[in-house]
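One structure below.
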Amino acid sequence: MKKLLFVLAFTFIGGQAFSQVYIITEKYDGMINDLPSFDSVFVTNPAGTTISYSIPHRVISISAHNAQFSQIINSVISLGYKVISITPPEGVVNNSLPPPYFALRTIYLSVP
């Protein structure tokens, strides 16, 4: 019985913890033959709904890339969320052949 209560409590607490997290994933599209035209950004809200955005590629225009990426992050921060973890841009790299190559960066935001 104690094990069952522990599992139920852990499941409830774990579910509550993740129900308060936004996940923002940025996909840097690779450059092999042609310059890429955009990066992809995926925002997953606490309900599990994901919205995707295409923003200017950082190689093409770093200022336009950063301006749009900042707007996306600030829209979540304005809801009261704070950054709790950021994976490095090199966090996941697809080295499969043939190309494309890409890297992902993920930012986790939670309510304080």
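The values are calculated or read from the model by the stated rules, or taken from the named source; none is laboratory data. Being a predicted model, the structure only gives us computed values, none of them experimental. Because the Cβ atoms are built from the backbone with ideal geometry, glycine has one as well, and the counts that use them run over all protein chains shown.
Hey, does the range 36-50 have a residue that's touching a Pro at 6+ places or on another chain (Cβ under 7 Å), at pLDDT 85 or above and over 16 Å from Gln20 (Cβ atoms)?
No, the range 36-50 contains no residue that is touching a Pro at 6+ places or on another chain (Cβ under 7 Å), at pLDDT 85 or above and over 16 Å from Gln20 (Cβ atoms).
Please tell me if Ser19 is among the polar types (S, T, N, Q) and at pLDDT 90 or above.
Values: among the polar types (S, T, N, Q): yes; at pLDDT 90 or above: no.
Criteria not met by Ser19.
Sort through Ser63, Ser70 and tell me the only one that's loosely packed, with under 10 Cβ neighbours inside 10 Å, at pLDDT 90 or above and over 18 Å from Ser110 (Cβ atoms).
Matching residue, one of Ser63, Ser70: Ser63.
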